[in-house]
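Right, one structure below, let's go through it.
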Amino acid sequence: MGIQNLLWQVTKKAFTGGIIGVTISDRCCSVVPVRGDSMSPTLNPQRNSYLDDYVLVEKFCLQDYKFVRGDVVVFSSPTHFKDKYIKRIVGLPGEWISSSRDVIRVPEGHCWVEGDNKASSLDSRTFGPIPLGLIRGRVTSVVWPPQRVSKIS
Amino acid sequence: MRWLRYLNQWRGTAKEAFDQVSIVAKFLCLLHVTDRYIISSTHVQGPSMLPTLNLTGDVILAEHVSHRFGKIGLGDVVLVRSPTDPMKMVTKRVLGLEGHRLSFFADPLVGDDSVNVVGDNVHASTDSRNFGPVPYDLIEGKALLRVWPLRCFGSLR
């Protein structure tokens, strides 16, 4: 009987903790690892996966979707919906972007994202402007490893 | 030592207040998780889904489970975040998935993980015919049934 009660208590606490955690992660902020070097040298300056950066992603920006040029954002891939990418916004709605061959206007409700490491980055130069609705958060700072803790500009 | 007594009283009240606040906070978190991941009610209005949805506004229940597992199929009425204004949610029907051919669109094949959504009222609807196929991840829910007005209670057809 005691074990059953204990199990129930632990399950209740875990469930409550899980729900609170999910709410905080959806509305406030979360920590995500950065994979790949498309944002070198801002994120992941070395190619060693043991030293991958972990960044703090804030979710308050999703209340009104007001972004500025230069924001580093996490967004869902327009081509593979389960993947998430981290890139920098370089074009807001209504602006003109000069890509390799021509000049493109960023449509309303979309933005143009590019990685800092232009040589190895899959971004808007490949899949075009992305709807702002795909953005899942804004990166504010690096939180791991400790020697790289800093704000992202 | 009167202040010691006051301190103890205050501590008792503070603990009670904290307990009440934490119950409310846990409830709000539960509400958020249910609303975002399980089921939610939405007020939809506008002429773009006539005759399926009324002009003057209906309340429908939408579930948020199917789209996470990729189980959105042809003919589903979905809630989708507008690609032209991320603050707006629109309700449309899925009429084209990746790799499907349609007679509606000049270029019927859509790219990976994009869906073409069209309103049932083709004369008064801005949808994929205007803004192109939408990335799958903009879909936020699938309409389940209508709960208001009561005379139209039931699944959407």
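Against the numbered list (1) at pLDDT 85 or above; (2) within 14 Å of another protein chain (Cβ to nearest Cβ); (3) surrounded by fewer than 16 Cβ atoms within 10 Å (Cβ to Cβ); (4) not in a helix (DSSP H, G or I), residue A:70 comes up short only at (2). Counting only residues that are in contact with a strand residue (DSSP E or B) (Cβ under 9 Å, 6 or more places away or on another chain), without any contact (Cβ under 8 Å) to a residue 40 or more places away in the chain and under 21 Å from residue A:97 (Cβ atoms), the range A:27-76 holds 2 of them.
Is there a residue in the range A:120-130 that is assigned to a loop (DSSP other than H, G, I, E, B) and within 13 Å of the chain's Cα centre (by Cα)? Walk me through it before giving the result.
Narrowing the range A:120-130 to residues assigned to a loop (DSSP other than H, G, I, E, B): A:121-123, A:128-129.
Filter once more, so that each one left must be within 13 Å of the chain's Cα centre (by Cα): none.
No, the range A:120-130 has no match at all.
Restricted to the range A:75-111, and to residues there that are within 12 Å of chain B (Cβ to nearest Cβ), in contact with a Ser or Thr (Cβ under 9 Å, 6 or more places away or on another chain) and not in a loop (DSSP other than H, G, I, E, B), the residue that is surrounded by the fewest Cβ atoms within 10 Å (Cβ to Cβ) is A:84. Of all the residues that make up the range A:125-153, how many are of a type outside the set (A, V, I, L, M, F, W, C) and within 13 Å of chain B (Cβ to nearest Cβ)? Within the range A:125-153, residues that are of a type outside the set (A, V, I, L, M, F, W, C) and within 13 Å of chain B (Cβ to nearest Cβ) number 6. Suppose we keep only residues that are touching a Phe, Trp or Tyr at 6+ places or on another chain (Cβ under 8 Å), of a type in the set (Val, Ile, Thr) and at pLDDT 85 or above within the range B:45-80. Which one would you say is nearest to residue B:130 (Cα to Cα)? Selected residue: B:59. Residue A:16 fulfils the conditions (1) at pLDDT 90 or above; (2) closer than 18 Å to residue A:133 by Cα; (3) of a type in the set (Val, Ile, Thr); (4) surrounded by fewer than 19 Cβ atoms within 10 Å (Cβ to Cβ) except for a single criterion, (2). Reported count of residues in the range A:119-153, each being exposed (fewer than 12 other Cβ atoms within 10 Å of the Cβ) and more than 22 Å from residue A:32 (Cα to Cα), is 2. Residue B:41 fulfils the conditions (1) over 14 Å from residue B:127 (Cβ atoms); (2) surrounded by fewer than 20 Cβ atoms within 10 Å (Cβ to Cβ); (3) within 14 Å of chain A (Cβ to nearest Cβ); (4) modelled with pLDDT of 85 or more except for a single criterion, (3).
The values are calculated or read from the model by the stated rules, or taken from the named source; none is laboratory data. Quantities reported herein were computed from a predicted structural model and do not represent experimental measurements. A quick note on method: Cβ atoms are made from the backbone with ideal geometry, for glycine too, and the neighbour counts reach across all protein chains shown.
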